[in-house]
Amino acid sequence: MKKLLTLCIGLSLFACKEEPKIDYALFSGKIENPADKVVTVYHGREKVKEIPLTDEGTFADTLNIKSGYYSLNHGREGSAMYLSPGDDIKVSLDTKEFDETITYSGIGSENNNFLAAKFLNEENLDINFAELYAMEESDFLAMMDEVKSSKADFLKAAQDISAEFRSLEEKNMGYEYLTYLQTYASAHSYYAKKEVFKPSEDFSRTLEELDYTNEEDYKAFDTYKRLVQRYYADKISKSENPSEVFKSINATGFTALKKDLANMLNYNISPSNEHNEAYYNGLMAMSTDDKYKEALTSKYNTVKKLAKGMPSPQFVEYENHKGGTTSLEELKGQYVYVDVWATWCGPCIREIPSLKEVEKKFHGKNIAFVSTSIDRAKDHNTWVDMVKNKELGGIQLMADNDWNSKFVKDYAIEGIPRFILIDPDGNIVSADAPRPSNPKLVKMLEELKI
């Protein structure tokens, strides 16, 4: 009897032992007409794993994950996914019709097939954002309610998705709606061509009542993350004392938010920002990355040298489309308006008609219009042809080393188009001058009595 009791106790202990916790998902698939040699899985911007393809276009690997939204990327295409530990997901797709052919099978596939179908459904909504944001407030809200209702109906019709995932999608939909509202003021001002615009109090109240401190949702939803980032970025930029806003965020903000804001607001340190010192000190306090701080300090010191009245950085012997080379020093004695652009840059090309109008208006005046391409050497012929085909005027130059050109680095240029105005003595008037399409440019040039 005693032996039997001992055996029973032993069996009981064995039966009560916890099962090993599964913290991974199995992920495999086949890609027809591969556009790359790998498949990459991301969680937000963080790379989870890069999985190599076989010669047959197949792949398989294990992903150590937590439940949440992820993305599958291959070549220049991508698709949203939802993964949980214990999933065994198989994907198939043809890159010739990436979104139309992607399908999932296996454990966890239902949620992912919904996301793939959701993307196509939203594509079919065919929202014209220029028309949407040009609408007056009441019409905009009515349209957004229609869009939200359509998306809700699509989610409601989904049969096989998990209850947990459905709840997340409902929450995500709400955040997505709010991102449209958050964008409306600035977008309406642009598309409706209203220099000054402010939405109604009721409209703004919806956004003001949102809790921007939910760390859990910040990690779970990219839509909420964008809302929070823009909220704090706007709060800083609109403040008369941004140092105090930075101080508050650094004291109460959670780590992920501060890290993201540091990377996001790095670009706000620029020649046109009168609060560069506040941004620099605030961002330095936000970051714990020594390499980031070193790069930020270098940029801040460069930008300080680009204040109005400071000697302009020089470009030397840039290739001139008409032949030979041209240096900035040769243009002394006249104002110089520099357009930094590239043939692959859509916004740059959209400025060309306006630039031609400004050149025509100031033709024969004491100003040189210089367009400096930062195209790569391999695209030299593309530059030559575009200048000719679009009949570009002024002085057309090509930089000596694209983004790594000394002139580009000395002017802290991180995005194009970028416009610079230099006075006849070679000193900076504006290291971030208005675009040709901006009426402020003509006003600035007229005030200088050029």
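Each value in this text was obtained by applying a stated rule to the coordinates, not by laboratory testing. All values reported here derive from a predicted model rather than from experimental measurement. Methodologically, a virtual Cβ is constructed for each residue, glycine included, from the backbone with ideal geometry; neighbour enumeration extends over all protein chains shown.
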Quick one: grab the alpha carbon gyration tensor of the range 130-304, order the square roots of its eigenvalues as a ≥ b ≥ c, and give me rounded if a/c is under 1.5, else prolate or oblate depending on whether a/b is larger than b/c. oblate
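Dipole size in debye (nearest 20) for the chain around its Cα centre, Lys and Arg Cβ +1, Asp and Glu Cβ -1? Before the final figure, lay out each step's value.
Values: 56 positive and 73 negative charges, 246 e Å.
That gives the chain a dipole magnitude of about 1180 debye.
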Write down, largest first, the equivalent ellipsoid semi-axes of the chain in whole Å, where each equals the square root of 5 times an eigenvalue of the alpha-carbon gyration tensor. 50, 27, 25
If unit charges are put on Cβ atoms (+1 for Lys and Arg, -1 for Asp and Glu) and the dipole of the range 318-447 is taken about its Cα centre, the option from T343, W403, N427 lying farthest towards the positive end turns out to be T343
Under 5 Å, built H, 5+ apart or other chain: amide partners of M135: none
Residue among A152, N320, A142 farthest towards the positive dipole end of the chain, charges placed on Cβ: N320
Along the charge dipole of the range 24-117, Cβ charges K/R +1 and D/E -1, which of T101, A25, A116 sits furthest on the positive end? A25
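With the cut-off at 1.5 for a/c, could you classify the range 318-447 from its C-alpha gyration tensor as rounded, prolate or oblate?
Values: a/c = 1.42, a/b = 1.28, b/c = 1.11.
Here the range 318-447 falls in the rounded category.
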Step through the residues of the range 394-406 one at a time and calculate ³J(HN,Hα) from phi using the Karplus curve (6.51 cos²θ - 1.76 cosθ + 1.60, θ = phi - 60°), rounding each to whole Hz and writing x for Gly and Pro. x, 9, 9, 10, 10, 5, 7, 7, 6, 5, 8, 4, 4
How large are Rg and Dmax for the range 119-214 when only the alpha carbon atoms are used, in Å? 15.1, 49
Cβ charges +1 (Lys, Arg) and -1 (Asp, Glu), total dipole of the range 24-117, debye: 340
Just tell me which lysines come within less than 19 Å, Cα to Cα, of K247; anything on the same chain fewer than 8 places away is out. K235, K238, K258, K259, K293
Is the range 44-185 rounded, prolate or oblate when judged by the Cα gyration tensor, a ≥ b ≥ c being the square roots of its eigenvalues, rounded requiring a/c under 1.5 and prolate requiring a/b larger than b/c? prolate
Quantify how much of the Cα-Cα distance distribution of the range 24-117 extends past 15 Å, in percent. 54
Lys, Arg +1 and Asp, Glu -1 on Cβ, resulting dipole of the range 84-195 about Cα centre, debye, nearest 20: 200
Distance between the C-alpha centers of the range 377-413 and the range 171-248? Whole Å please. 37
Take the alpha carbon atoms of the range 99-149, find their center, do the same for the range 249-324, and report the distance between the two centers in whole angstrom. 36
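By Kyte-Doolittle mean hydropathy of at least -0.5 and Cα axial length of at least 20 Å, which whole DSSP H helices of the chain are selected? Provide the component values of the computation, followed by the final result.
Details: long enough: 2-16 (21 Å, 1.56); 109-125 (24 Å, -0.71); 137-157 (30 Å, -0.24); 163-191 (41 Å, -0.80); 222-237 (22 Å, -1.15); 290-304 (21 Å, -1.41).
Those that pass (Cα extent of 20 Å or more, hydropathy at least -0.5) are 2-16, 137-157.
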